[in-house]
Amino acid sequence: MLKLNLFVIFLSLTITNGNCQTKTDNERIKLHKKIVNNLKKEGEKFYIYPSTNKASLSSFDFAGGGRGLDTNSNRAWNNKEWISFVKNIDTSSISDYPIYLNCNREKRKELIFAPIFFSKDGAKALAIAKFYSYTSQTGSGMAWFFERDNNVWKVKDMQIFSTIN
């Protein structure tokens, strides 16, 4: 009976810890939902891949600070603070995580998120995803630059970049 009680206690602790979300997890969910809602407003229909995929990061220019072809100085990715934040991101230290967002609207397009990156001070976040079309077998990368304003995440800028399939 003691073994059974210990097993039940162990199981309950394991399950409880496994289902807890950290503050970072909650922030990630908020950002993923914000992106999905923005894309829906634009009329996009898509299926959300059920977990992040680090492979979606492969075409983003971390070494260059995320700078795109657009050299307009007003763009977030041309701001010195953003360039520094992006250049210091260590993509090797991240791991994929599940995404439980119900958006099975269209199977011809798939939205594949990469893990989200937060600045050390928690004021900036970078979200990267790939939009993949099954019909054309092509994809494009998207990067969202978020800043926290009065404890609310706001999209500072959005960049589309090409991906290699």
The condition of being under 23 Å from Trp82 (Cβ atoms) and either at pLDDT below 85 or not charged (D, E, K, R) (or both) holds, among Ile164, Ile160, only for Ile160
Could you count how many residues in segment 83-95 are at pLDDT below 90 and either more than 18 Å from Phe118 (Cα to Cα) or crowded, with 17+ Cβ neighbours inside 10 Å (or both)? 0
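Residues checked against (1) crowded, with 17+ Cβ neighbours inside 10 Å; (2) modelled with pLDDT under 90; (3) not in a strand (DSSP E or B):
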| position | (1), (2), (3) |
| --- | --- |
| Pro115 | yes, no, yes |
| Gly122 | no, no, yes |
| Phe131 | yes, yes, no |
| Ser136 | no, yes, yes |
| Gly139 | yes, yes, no |
| Phe146 | yes, no, no |
| Lys156 | yes, no, no |
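Consider Phe146 carefully, then state whether it is under 20 Å from Lys40 (Cβ atoms), out of contact with any Ser or Thr (no Cβ under 8 Å at 6 or more places or on another chain) and aromatic (Phe, Trp, Tyr). Lay out the reasoning, then the answer.
Numbers: under 20 Å from Lys40 (Cβ atoms): yes; out of contact with any Ser or Thr (no Cβ under 8 Å at 6 or more places or on another chain): yes; aromatic (Phe, Trp, Tyr): yes.
Yes, satisfied.
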Report, by residue number, each residue of segment 89-148 that is in contact with a Pro (Cβ under 7 Å, 6 or more places away or on another chain) and aromatic (Phe, Trp, Tyr). Tyr97
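The values are calculated or read from the model by the stated rules, or taken from the named source; none is laboratory data. Remember, predicted model here, so these are calculated numbers, not experimental data. Positions of Cβ are backbone-derived with ideal geometry, glycine not excepted, and every protein chain shown enters the neighbour counts.
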